[in-house]
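*Asks:* I am attaching a structure below and will ask some questions about it afterwards.
Laboratory data are not the source of any read-out in this text; all were calculated from the coordinates shown. Predicted model, so just to flag it, every value in this text is computed and none were measured. Positions of Cβ are generated from backbone atoms using ideal geometry, with glycine treated the same way; all protein chains shown enter the neighbour counts.
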Amino acid sequence: MTKAGIGGSFRDPSGTVFESDGVLYREVAHSYRPHYDALLSNGLYESLTASGLLVPHEEVDPDIAGGANVYRVIRPERIPFISYPYEWCFGALKDAALAMLRIQSIAMEHGISLKDASAFNIQFRDGKPLLIDTLSFEIYEEGTPWAAYRQFCQHFVAPLALMSNVDVRLGLLSKLYIDGIPLELASALLPGRSRFSIGTKLHIHSHAKSSQKHAGARVSVRDMKGRFSSRAFRGFIESLTSTVKSYQWQPSGTTWADYYSEADHYSREALEQKRRVVAAHLDELNPSLVLDLGANTGIFSRLAAERGALTVSLDLDPAAVELSYREMVSKDEANLLPLVFDLTNPSPPIGWSNAERDTLDRRGVADVGIALALIHHLAIGNNVPFALLAAYFRKLCKNLIIEFVPKDDSKVQVLLASREDVFADYDEKFFESGFENYFEIRQRTELAGTGRSVYLMRAP
Amino acid sequence: MKTRFGFICWALYLAVLMSMLWVPAANAYLDPGSGSVIFQVVVGGALALSVGLKIFWHRIVRFFSRKDDH
C-alpha cells in the first residue's frame, strides 16, 4: 500500500489527508479526539451532513494510516472535481460565504465552533457549497471570540467587497494570497464610499486598522475568555451574514455574456445542427467527466450535464460564468460546475512547494473535452500553434469535440482587424496535422452555411 | 419601524467608531491574529447590544401586531 499526502493538509495538526490506492483518507490525531468525538456524538455531524453542508465520511481501520498518533481514520466522500475560490464567480463565492456562516451558526447551537474559515475548505457538490474539512470544528470555550474571524474576512468578505465595489476581476487576488486578501490591502483598494456601509467599515476598514495597531499584542482567543458574550458572538455572525448579503454584482454588457443572444455568425439552423452533432458525440462517448473549454454561459455544457456527466464549464468571462451559475442555481442543476478560467493563463500550482493547489489537469483528466468556437481565440488571439494547443488539450481530456473556425469567418476577421495577419499556417489542413500528433480524428462534420466544422477526436 | 431600527444601528455604529479611538496601540509586529481578537472584544459589546435591541424590537412589533389583529 502506498500512502501519499494531499495538498495543503499538512498545515492541520488535527490530521492530514492522504491517498492510498486511489482512495482518499484522513487521519484524526489523538490530540483532536475530544473535538472529533463531540462533533460525532452531539448531533452536529448528523445535522450538517443531512442538510448537505458537511461532507459525510465513514470510519475505517486506523491501522491504514500506520501511525502511533492516530486516533481514527476516516474516509470522506470524494468530491468529484476540486475547484478553488479564485475560479468561482461572484455568486458562487457569496454562496460559499453564506454556507460557512450557516455552518458556524448551527455549530454554535451544539456548543461547537469553526476554528478555520478558509474558502479552500468549501467545495461545490451537486451545484451547492459544502464544507470538506471535517476537522475544522472545536469545542467552543464559552466567552471567547471567534478564532476564524480574521480568516473569514480575508477569504470571503474582502474579495466580495472588492468584486462588488471596485471590479469583479479583483476576485483573482485570492490567487496571489493563499490565506486570503490582506485586510489592509482590501481597505486601501476599496473606495471611500465603502466606509459608509456599516459591514464593510466594520469588518474590513476598522478590522484592518485594529490588526495593524495590535500586530505585536500576542493575544489569543483564550486570553479573552469571559470578555465576549454569546450575544456578541451572535451579533458578529449576524453582522457578517448581512454584510455578505449586501454585496451585489450584476453580470451584463461584457462581450461574452451577450455572445449567443447577439450571435450573428450562426443561423438558427447551424446552431441547432451544432447542438445535434455535439449531443450525438456525447451520447456515443457516454462520459462521466466533461470539461467544456470556453463554455460561455454553458449552453453546450448543459448538453453534457443533462446526460449525467459532471461538467466543468470553464470560461474567462466572469459575467458569462455568473449567468451560467445563476441558471444552475435557479434550475437546481446538479451536474454543472461553472468556473472562471483563463486557458491562456491557467490556474497555477500554488502554496508551499507549489503543491498545495493543483493545476487543472492534475485535478482529473476528463473523458471528454469540448472546445467550441474557441480555437481561433487561442491560435490567433493568443498566437498558440495548433500542436501546442493539441498537447495541452491532450493533458486535459481523453476525447475531444472541437470546432474549427476558418480564417474567413466573421469572428476571425474581427480578431485580425487590429493585427497583422502572420498566421499563414491557420487553415484546416494545418489544424488537422497539428492535432493528429496527439489525437486520432474519428469524425468531421461540416456546419452547414458557416464554413466551420466539428471534429470528434480520440487520444490513441 | 425599519427606519427607526436603522437609526439605532447607525447610532451604535458611531458608538463603535468612537470606541475605536480609545483602543491603545501596541508595538506593531507581524501577528495580525491578535488585532482581530482584540477587535472582536472591543466591538462585541456594541454588536451584542444590537442583537439585544433587535430581539426587544421584534417583541414590541409582535406585541402591537397582535393587538392590531383583534
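*Asks:* To the nearest whole percent, what portion of all C-alpha pairs in region A:51-122 is separated by more than 16 angstrom? Could the numbers behind the result be given before it?
*Replies:* On the way: 1624 of 2556 pairs.
The answer is 64 percent, as a whole percent.
*Asks:* What are the semi-axes of the equivalent ellipsoid of chain A, taken as the square roots of 5 times the eigenvalues of the Cα gyration tensor, listed largest first and rounded to whole Å?
*Replies:* The equivalent ellipsoid of chain A has semi-axes of 43, 27, 19 Å.
*Asks:* Relative to the longest principal axis of chain A, what angle (0 to 90°, nearest 10) does the C-alpha long axis of helix A:90-109 take?
*Replies:* Rounded to the nearest ten degrees, it is 30.
*Asks:* Could you size up the charge dipole of region A:237-395 around its Cα centre, putting +1 on the beta carbon of Lys and Arg and -1 on that of Asp and Glu, and report it in debye to the nearest 20? Could you put the intermediate results ahead of the total?
*Replies:* On the way: 14 positive and 21 negative charges, 60 e Å.
That gives region A:237-395 a dipole magnitude of about 280 debye.
*Asks:* In percent, what relative contact order does region A:103-227 have, based on Cα pairs under 8 Å that are 6 or more apart in sequence? Intermediate results must be reported in sequence, preceding the final value.
*Replies:* On the way: 144 pairs, mean separation 30.8, N = 125.
The normalised contact order for region A:103-227 reaches 25 percent.
*Asks:* Describe numerically, in nm with one decimal, the distance between label points set 7 Å from Cα along Cα→Cβ at A:Ile79 and at A:Ala188.
*Replies:* Distance between label points: 3.1 nm.
*Asks:* Measuring from label point to label point, each 7 Å out along Cα→Cβ, what is the A:Glu446 to A:Lys175 span in nm?
*Replies:* Reported label-point gap for A:Glu446 and A:Lys175 is 4.0 nm.
*Asks:* Just how large is the dipole of region A:307-375 about the Cα centre, in debye to the nearest 20, putting +1 at every Lys and Arg Cβ and -1 at every Asp and Glu Cβ? List each step's numbers first, then the result.
*Replies:* Values: 6 positive and 11 negative charges, 27 e Å.
My answer is approximately 140 debye.
*Asks:* Separate question: Placing unit charges on C-beta atoms (Lys and Arg positive, Asp and Glu negative, everything else neutral), compute the dipole magnitude of the protein assembly as shown about its Cα centre in debye, rounded to 20.
*Replies:* Numbers: 56 positive and 60 negative charges, 497 e Å.
So the magnitude is around 2380 debye.
*Asks:* Let me ask another. Go through A:Leu400, A:Ser229, A:Leu323 and say which Cα lies farthest out towards the positive end of the charge dipole of the protein assembly as shown; charges sit on Cβ, +1 for Lys and Arg, -1 for Asp and Glu.
*Replies:* Comparing the listed Cα positions along the dipole, A:Ser229 ranks first.
*Asks:* With N set to the residue count of region A:83-206, report its C-alpha Rg divided by 2.2 N^0.38 Å to two decimal places.
*Replies:* Values: Rg = 14.4 Å, N = 124, 2.2 N^0.38 = 13.7 Å.
Cα-based Rg divided by the globular estimate yields 1.05.
*Asks:* Over the Cα atoms of region A:341-460, how large are the radius of gyration and the largest Cα-Cα distance (Dmax), in Å?
*Replies:* 15.4, 52
*Asks:* Set the bar at 24 Å for Cα to Cα. Now go through A:Lys407/A:Lys429; A:Lys398/A:Lys429; A:Lys331/A:Lys411 and name every pair that lies beyond it. Numbers along the way, then the final one.
*Replies:* Numbers: A:Lys407/A:Lys429 12 Å; A:Lys398/A:Lys429 22 Å; A:Lys331/A:Lys411 32 Å.
Listed pairs above 24 Å: A:Lys331/A:Lys411.
*Asks:* If contacts are Cα pairs under 8 angstrom and at least 6 residues apart, what is the relative contact order of region A:173-330 in percent?
*Replies:* After rounding, I find 17 percent.
*Asks:* Further, regarding this structure: What are the lysines whose alpha-carbon lies under 27 Å from the alpha-carbon of A:Lys175, with same-chain residues fewer than 8 places away excluded?
*Replies:* Reachable lysines: A:Lys94, A:Lys115, A:Lys128, A:Lys201, A:Lys209, A:Lys213, A:Lys245, A:Lys395.
*Asks:* Per q in 0.25 1/Å, what log10 I(q)/I(0) does a Debye calculation on the alpha-carbon atoms of region A:272-355 return?
*Replies:* -1.16
*Asks:* What Kirkwood radius, in Å to one decimal, follows from the Cα pairs of region A:320-398?
*Replies:* So the Kirkwood estimate lands at 14.6 Å.
*Asks:* Test of understanding: extend the Cα→C-beta vector of A:Asp342 to 7 Å, then name every residue of region A:381-401 with backbone N under 20 Å from that spot.
*Replies:* Once the point is set 7 Å along Cα→Cβ of A:Asp342, A:381-385, A:389, A:392-393 turn out to lie under 20 Å by backbone N, inside region A:381-401.
*Asks:* Which is farthest toward the positive dipole end of region A:105-202 among A:Ser194, A:Phe156, A:Gln123, measuring Cα position about the Cα centre, with Cβ charges +1 (Lys, Arg) and -1 (Asp, Glu)?
*Replies:* Of the listed residues, the answer is A:Ser194.
*Asks:* Here's something else I'd like to know. Using the beta-carbon distance between A:Phe196 and A:Phe10 and R0 = 45 Å, what value does 1/(1 + (r/R0)^6) give for FRET efficiency, to the nearest 0.05?
*Replies:* Values: r = 42 Å, r/R0 = 0.94.
Calculated value: 0.60.
*Asks:* Then there is this: Compute the relative contact order of chain A as a whole-number percentage, counting only Cα pairs closer than 8 Å that sit 6 or more residues apart in sequence.
*Replies:* On the way: 791 pairs, mean separation 55.5, N = 460.
Dividing the mean separation by the residue count of chain A yields 12 percent.
*Asks:* Further, regarding this structure: All other residues with a Cβ under 13 Å from the Cβ of A:Thr144 taken together, and with Lys, Arg as +1 and Asp, Glu as -1, what is their net charge?
*Replies:* Working: positive: A:Lys115, A:Arg222, A:Lys225, A:Arg227; negative: A:Glu138, A:Glu141, A:Glu142, A:Asp223.
That sum, taken over residues with Cβ under 13 Å, equals 0.
*Asks:* Next up: Could you work out how far helix A:230-246 tilts from the main Cα principal axis of chain A, as a 0 to 90 degree angle to the nearest 10?
*Replies:* Its long axis makes an angle of about 20 degrees.
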